[in-house]
1. Using the scaling law 2.2 N^0.38 Å as the reference, what is the normalised Cα Rg of the range A:285-408?
2. Using 0.36 nm times the number of residues separating A:D275 and A:D136, minus their current alpha carbon distance, what extension gain do you get?
3. Fewest first, what order do A:C681, A:C463 take by the number of other Cβ atoms within 10 Å?
4. Over the range B:4-115, what is the relative contact order in percent, taking alpha-carbon pairs closer than 8 angstrom and at least six residues apart?
5. Using only DSSP helix segments of four residues or longer, with each worth -39500 (n - 2.57), what per-residue ellipticity at 222 nm results for chain A after dividing by its residue count and rounding to 500?
6. Residues with beta-carbon under 11 Å from that of A:K592, excluding A:K592: net charge, scoring Lys, Arg +1 and Asp, Glu -1?
7. Which is the longest part of chain A that has none of the GluC sites (Glu not before Pro) sitting in a DSSP loop with at most 14 other Cβ atoms within 10 Å?
8. Please identify every one of the trypsin sites (Lys or Arg not before Pro) in the range A:90-146 that sits in a loop by DSSP and has no more than 15 other beta carbons within 10 Å of its own beta carbon.
Amino acid sequence: MKRLVVVGNGMAGMACVEQILKYAPSLDDARDAPSASRGAMFRITVFGDETHVNYNRIMLSSVLAGEKSADDIVINSLEWYRRNDIELRVGVRILDVDPVRKTVAGDDGSVTPYDTLLLATGSSAWMPPIKGLDKDGVFTFRTLDDTRALLKRAGPDTRAIVIGGGLLGLEAARGLQMHGCQVTVVHLMATLMERQLDPPGGKFLMAKMKELGIRVVLGKSTTAILGNGHVEGVEFSGGEALEGDLVVVAAGIRPNVELGRKAGVTVKRGIVVNDYMETSDPDIFAVGECVEHRGVCYGLVAPLFDQGKVLAATITGRRGPTYNGTVQAAKLKIVGVEMFSAGNIDDDGAEPVRYEDPSLGIYKKVALRDGKLAGVILVGDTSDSHRYMEWLRTDADLTDRRRHLLFPPPAADAGLDVAEMSDGATVCGCVGVTKGTIIHAIHERGVNTLSQLKEATRACTGCGSCTSLCQDLLRAVAPDFEDEKKKTICACVPFAEDRLRDILRSQKLKSVQDVLEIYGNGVGCEICKPALSYMLDMLWCGDHDEDRSARFINDRVHANIQKDGTFSVVPRIRGGVTSPDELRRIADVADKYHVPMVKITGSQRIDLLGIKKADLPKVWADLGMPSGQAYTKGVRMVKTCVGTDFCRFGTQDSTSAGVEMERRFEQLFTPHKVKMAAVGCPRNCAEATVKDIGLIGVEGGWQVVVGGAAGKSVRKADLLTTVETTDAALEASELFFQYYRENANYLERTYDFVERLGIEKVRKDTVYATDAVRAGLLDRLAKSKARSYDAWTEGQAPRNPTQFTPLKLMEKVLA
Amino acid sequence: MRESRWIRVTTLENIPAREGRAVQIGDLEIAIFNLGDRLLATSNRCPHKGGPLCDGIITGASVVCPLHAWKVSLTHGSVERPANERERCVETYPVRVENGVVVIAVPQTAVEERVA
């Protein structure tokens, strides 16, 4: 059995070893193998100078950003090495190769013999000629240890300077910013990512980065790190300086070729390999970022897998497949900043086709040569990237598709895009998984989720850019597809809402501004601010630092703004039951304030329209009724029928039940508005089947239905449960209500929420949940309720002196 | 340059941080915004449908109109969204804080005569 020594425990080396194991199983597998011909070929030893098992290096930016933990990015666990009988020597750096004696020498004093040597030494950060790079506070961003060191230093009030406006530099910048750092990216060239983007593309990308709150300084050459021992800033070639507390050098990478030189194989910029991945020494092979193939050194992930497959064939004596280079493609992994570039983007002799929309921040450009795609740039919308990769890989003739170069032809149905792909088309470019392989896995191995698909095929385990395509395939083919994709609120705070809720809870954040400063861009917008306001109110059951500036005007003055800037006032009339006295007061108010319109709403309430902001407190006081919350994402009302009191068909007292229901829920905020109804019989006069929560009286009890809609969409509510008593019906409503408050995304109505989760899951988590879970929901609802108050009391005790009134000048002026 | 006059408006605490307030000065209706580290002032009427900009949510140095979410730069007065309306704008006015009092410069023509 031959001895294979692998130097480098990274993605390239281990992807290659995985391929080798496919051809030549390890000892254990061989022992179990039925046929003697499947004997183990190699005894494998792997050296890694890092102290970790093999992890996904491209995902380090997600670890830095706090989106993933170190454990999340492990590719091969210790168990994998053990199972395949691979000797793993971590923390050992190989210093020398003796190609004559065929040994490698480590920095631990060990000398290890080899029959076959595989160099997968990768690359390291290129350090530009800058004075003072040895100062404390200067970092690179290549390894898990680098990332951990950065995470230790990054925090609010830290001023970070990232040298290098390429892929890695921008991802590092965003990651640091997520921890509250004020980040400036310093780039030598006139536009960002100039190797992947043309100047307009670079400008679009720059606008996106600025929107996130990251400063970008272009055309500056850094000459020195300033500071006495510790970083205090950087100096540019013009003598100008920029203050900062930490510096990340991300100016590029350089192949690690030292061992290649020591082994005496041909080395140019990288270790030179031929199309069979052989070096100039028949027993020495190389793979990954350390190699140079046909004059090209790759710094991206896809080539590693392509090379690994060819090398595995060669090294196991199946020499034949050749490596012919890989189409270069780069994708930025920053949530909210989509950027994709592939192929040759030079304009020389190419025919450019462009689309740009500065407001949406979308820029698309394809370069054609001889009717074929030469290169592509996408900023702001990369949903089509797989289409272009396919064209590049297959060298497709695009003459017939000229009208649809920048936008795919409108599909007859959503699944058509994936349906039109051929089975041989590559879905995951990193690992090289085709559509056919995925479909096979779905059918033969019962794959239903993205995680199962990753496990089964390794698709989508590289850069993650094929995620949406994999999802589309699963959606179209898998019988029990479950969507795992989470949407973020907006680019200001790039986290999925459930993850954000966890963060806010565990970090005990109680104000919108703190969240924005620590986990967002420090600024926020009209979309995320109200969402965060709601989230904090819900999480802390009202015990948070409410920030009125983060809320929509309706929630600042507790009335609904109208097209002329006046407001509408809707008092609470629980269950639609009023009295002559209340009606008289409403009529008097309408007279006194010359209300232009008094209207009966569709919700059994009365709307006074056209009230001036300054009159709101007086109107509320004169009405003497609580706020009906008709202006907010909160509890609106419970519509009722007359039930058993007067109706000859009524089976339940829906009026009292509805009034009680409204009392229990009123004054609370919800992800979107909540409209309810209680009806006394299945004739459903108050339309309970199209409400967010409905109680339907039946002989001997109630049906509780949820997720109905009769607005933008129409949806019949799902039956949550059937119960015997009114108390039980109200409790079931409370369980669903609080569950919706805690788990829906902001602005997600119950009908989308129930549809997304499925009523079975909703039932399981509410009415069928364990006693402890149900008690928890009811307890948190009770806490929120206890802290809630009638917003209109602020009419008499305003938040600030000018909450309702315009400013009054301190001096008199006359026009 | 047009002739302008500085007018004392109100004490700073009357404009909460990251909110705006409207003020009538002569025949001008002006929105004054407190960005926390500085004040900015524009005409209160959105160039779209006249929505009250003082009631909008502030994002950076811009405000989002509460009626149809047009985004207006508070520093330049220009419309930032929608993009095809970028040539439109609102008037801006110099504004600052002096001894805790918000003062604003308005054209002389808006306040011709001063009484009391």
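Every read-out reported here was derived from the displayed coordinates using simple, explicitly stated rules and does not represent laboratory data. Because the structure is a prediction, the values reported are computed rather than measured. Every residue, glycine among them, receives a Cβ derived from its backbone with ideal geometry; neighbour counts consider all protein chains shown.
1. Compared with the compact-globule rule of thumb, the range A:285-408 sits at 1.22.
2. Working: separation 139, 0.36 × 139 = 50.04 nm, distance 4.38 nm.
So the extension gain works out to 45.7 nm.
3. Ordered from fewest to most neighbouring Cβ atoms within 10 Å, A:C681, A:C463 come out as A:C681, A:C463.
4. 28 percent
5. It comes out at -9000 deg cm²/dmol, rounded to the nearest 500.
6. Taking every other residue near A:K592 into account, the sum is -2.
7. Answer - A:1-239.
8. Values: sites: A:R93, A:R101, A:K102, A:K131, A:K135, A:R142; in loops: A:R93, A:R101, A:K102, A:K135, A:R142.
When the trypsin sites (Lys or Arg not before Pro) of the range A:90-146 are filtered for loop state and at most 15 Cβ neighbours within 10 Å, A:R93, A:R101 remain.
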